[in-house]
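Engineer: Handing you a structure now.
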Amino acid sequence: MPFFTQATRTTIIAQFPFEHLTPYTRHPYGLIVPQTLTEHILGQKLVSFGITVHRPYRVVSMKPNQIDAKLVDVTFEDGQVITVKCVVAADGARSTVRRRYLRTVADLYIV
């Protein structure tokens, strides 16, 4: 598309033309991809790296693993506990994981 329009059902709020990108790229246009497709493609890539994504679980607690301080024990709402190297809080702007645990997890890796 040559431009993107932000609008309500009745009013155009803004239009963003991509023609100004011509000096910087051979592709002066935008591409809109549904979030579900983006998540599917990214999920496939993670699987190819051997990474497991757990969804749609709700994290209720996280704590350092007692055997290996570089690991984290994550407890889900259903009582399931997993031990992981990395936690990604990809649950939106009001992230429970980020709000509750970012400081705790960051403390694990401060030398």
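Engineer: Can you spot a residue in the stretch 98-105 that is loosely packed, with under 13 Cβ neighbours inside 10 Å and either part of a loop (DSSP other than H, G, I, E, B) or at pLDDT below 90 (or both)?
Structural biologist: The answer is yes; a qualifying residue exists.
Engineer: Going through the stretch 48-67 one residue at a time, which ones are more than 18 Å from V97 (Cα to Cα) and surrounded by 11 or more Cβ atoms within 10 Å (Cβ to Cβ)?
Structural biologist: Selection gives I51 alone.
Engineer: Within the stretch 17-39, track down each residue that is surrounded by 11 or more Cβ atoms within 10 Å (Cβ to Cβ) and under 29 Å from A90 (Cα atoms).
Structural biologist: Y29, G30, E39
Engineer: Could you tell me which residue of the stretch 68-93 is surrounded by the fewest Cβ atoms within 10 Å (Cβ to Cβ), considering only residues that are in a strand (DSSP E or B) and of a type in the set (S, T, N, Q)?
Structural biologist: Per the criteria, the residue is T83.
Engineer: Would you be able to tell me the number of residues in the stretch 47-60 that are without any contact (Cβ under 8 Å) to a residue 24 or more places away in the chain and closer than 24 Å to R94 by Cα?
Structural biologist: The total comes to 6.
Engineer: Quick one: how many residues across the stretch 1-55 are of a type outside the set (K, R) and assigned to a loop (DSSP other than H, G, I, E, B)?
Structural biologist: Residues that pass the stated criteria total 24.
The values are calculated or read from the model by the stated rules, or taken from the named source; none is laboratory data. Keep in mind it's a predicted model, so treat the numbers as computed, not measured. Counting neighbours? That spans all protein chains shown, and the Cβs are built from the backbone with ideal geometry, glycine included.
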